Amino acid sequence: MKQTILYLPVVHAGYEAFLSRHADSDEILILGSGFASVFRSLTKEIRALSPERAVEYVRMIAHGPRVRLIEPADIPDAVFGDVVVLPDEEIMHTLAGMPDFPSKVTCHFDSTFLRWDREWSRAGKPAHFDGSVSRAVLDRTFLDQARRESQRSSDWWRQVGAVAARNGQVLKASYNHHHPTEYAPYIDGDPRNEFSRGVRPDLSTAIHAEASLVARAARDGLSLAGADLYVSTFPCPSCARIVVEAGFRRCFFAGPYSMLDGETILRAGDIELIWVDMEPEPVIGAETS
């Protein structure tokens, strides 16, 4: 049996695609209003759909599966599928880790967010780096993890992941996300829509991946001094300042940012910049054109 568990504050194409991909579900469980007492941040979403209304929309979108509301006390008995599909969202990861969530089910996390990329967010190599290019397996592995972290981001325009590592071990990983919840830009709109890139970057509901990583390390009493930073996109100036203050030794990256003056800040902080070549390894003996 396949079940899907969903928190649906808004209806958009990302959720429709998610439900379409899992149209073979036998049952769809919608989180009820009682979960606001478990996830306090949900009470701030004053324009979110009521759970009852969400059920109505899901029934219109997903014609086959049974759709019903569940409350926190229902979790132990309501979740029993062989496979349980959840949106790849922080709240749903937390839900799956709750003590009452059945441990024997196989959880599959799938993305629900849209990717409204622009040409400048898909740009190629940055203009400058220290001349060091790495194809080391470990560096590529950490950079790949940073990219995977970026895919968890709910940001409409840019998804960025960051990994801190020391002596070949990952210390922390994070990605850019929104507050008070990751659904904020869908419910309240994104204030960045009203500004051109580079103009008033402070007016945002988002915390950048690097800032989140450093803040979470500080929360856990973990020093990042002398560690290496792996980012899927070159740090912006604000994050570059945080990276310098945290004491990182090197910054590995494979993607640029539209405001490359962050480079000047990193260099002034004696942080070595290393480009990680993520192109696939050439196949020996393969024909070239």
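Coordinate-derived values only; no laboratory data. Since the structure is predicted, the reported quantities are computational estimates derived from the model, not experimental observations.
Taking θ as phi - 60° and the Karplus parameters 6.51, -1.76 and 1.60, the scalar couplings of region 84-90 work out to 10, 9, 9, x, 7, 10, 4 Hz in sequence order, x denoting glycine and proline. Using Cα pairs under 8 angstrom and six or more residues apart, how large is the relative contact order of region 2-110, in percent? Dividing the mean separation by the residue count of region 2-110 yields 33 percent. Rounded to the nearest angstrom and listed largest first, the equivalent-ellipsoid semi-axes of region 2-110 from its Cα gyration tensor are 18, 18, 12. Residue-wise HN-Hα couplings along region 91-100, as the Karplus relation 6.51 cos²θ - 1.76 cosθ + 1.60 with θ = phi - 60° gives them from phi, are 4, 6, 5, 5, 4, 5, x, 5, x, 7 Hz; Gly and Pro carry x.
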